[in-house]
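Student: Shown below is the structure under consideration.
Values in this text are rule-based calculations from the coordinates and carry no lab data. Values in this document were obtained by computation on a predicted structure and should not be read as measured data. Here the Cβ is made from the backbone with ideal geometry for all residues, glycine too, and neighbour counts use every protein chain on show.
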Amino acid sequence: MNMDMFHKVTRAQAEYARAIDNDRLEQWPDFFADPCLYRVTTANNHAKGYEAGIIFANSKGMLTDRITALREANIYERHTYRHIIGAPCLLSQGEEGLRSETAFLVVRIMRDGASEVFATGRYLDLWRAYGDEVKLTERIVVCDSSRVDTLMALPL
């Protein structure tokens, strides 16, 4: 694995978080290839190999639909996130792409200004290079806690 891929993944991670944190949710699906897998699960369920997730999407179209629903159909208390993301640990590289693991912390900021740690965990990712950029073909969001807030509206 070379430093060029490390820098591409690091840059993509930062831009991914920035898009969500700055309420540019329509850009979120652009970080993924098509087809793709996006799943949010708990550490316990992941360790047991359970496939079901709190959130599940297996195409870029499903990611786009999720954002459309957030903007036009779902009713939830408006809030924003602030992601704190660790440096990616590059695990392996092969024909399927580059696998990485990255720790994250997400703080949720409510409209009244109240802030709280919303989620901590790790991204288990599979990246594929497309020219000068990388895209996610798989992102498994493994939350440390088994307690999941019902207000998980925005992507992690």
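Student: So in region 126-143, with the set limited to residues that are within 14 Å of the chain's Cα centre (by Cα) and not β-branched (Val, Ile, Thr), which one is surrounded by the fewest Cβ atoms within 10 Å (Cβ to Cβ)? Walk me through how you get there before you give the answer.
Tutor: Within region 126-143, the subset within 14 Å of the chain's Cα centre (by Cα) is 126-127, 135-143.
Within this subset, residues satisfying the condition of being not β-branched (Val, Ile, Thr) are 126-127, 135-136, 138-139, 143.
Values: Leu126: 21, Trp127: 26, Lys135: 18, Leu136: 23, Glu138: 20, Arg139: 22, Cys143: 25.
If we take residues in region 126-143 being within 14 Å of the chain's Cα centre (by Cα) and not β-branched (Val, Ile, Thr), then Lys135 is surrounded by the fewest Cβ atoms within 10 Å (Cβ to Cβ).
Student: I've got another one for you. Please verify whether Glu15 is farther than 20 Å from Asp149 by Cα, free of Cβ contacts under 8 Å to residues at least 24 places away in the same chain and either in a helix (DSSP H, G or I) or among the aromatic types (Phe, Trp, Tyr) (or both), treating the condition exactly as stated.
Tutor: Working: farther than 20 Å from Asp149 by Cα: yes; free of Cβ contacts under 8 Å to residues at least 24 places away in the same chain: yes; either in a helix (DSSP H, G or I) or among the aromatic types (Phe, Trp, Tyr) (or both): yes.
Yes.
Student: The conditions are (1) in contact (Cβ under 8 Å) with a residue 24 or more places away in the chain; (2) under 20 Å from Leu126 (Cα atoms); (3) acidic (Asp, Glu), and Glu95 fails exactly one of them. Which is it?
Tutor: (1)
Student: Turning to a different aspect of this structure: Restricting attention to region 38-52, which residues are buried (at least 18 other Cβ atoms within 10 Å of the Cβ) and not in a helix (DSSP H, G or I)? Give the derivation first.
Tutor: Restricting attention to region 38-52, the residues satisfying the condition of being buried (at least 18 other Cβ atoms within 10 Å of the Cβ) are 38-42, 46.
Those that are buried (at least 18 other Cβ atoms within 10 Å of the Cβ) and not in a helix (DSSP H, G or I): Tyr38, Arg39, Val40, Thr41, Thr42.
Student: (1) of a type in the set (Ser, Thr, Tyr); (2) under 30 Å from Arg111 (Cβ atoms); (3) touching a strand residue (DSSP E or B) at 6+ places or on another chain (Cβ under 9 Å): which one isn't true of Tyr76, the others all being true?
Tutor: (3)
Student: Return the pair list, or none, for Cβ contacts closer than 8 Å from residues in region 131-154 that are under 17 Å from Ile67 (Cα atoms) to residues that are among the β-branched types (Val, Ile, Thr) and outside any strand (DSSP E or B), at least 6 apart or on different chains.
Tutor: Cβ pairs passing all conditions: Met152/Ile54; Leu154/Ile20.
Student: Out of the residues in region 104-118 that are buried (at least 19 other Cβ atoms within 10 Å of the Cβ) and out of contact with any Asp or Glu (no Cβ under 8 Å at 6 or more places or on another chain), state the one that is farthest from Cys36 (Cα to Cα).
Tutor: The selected residue is Val106.
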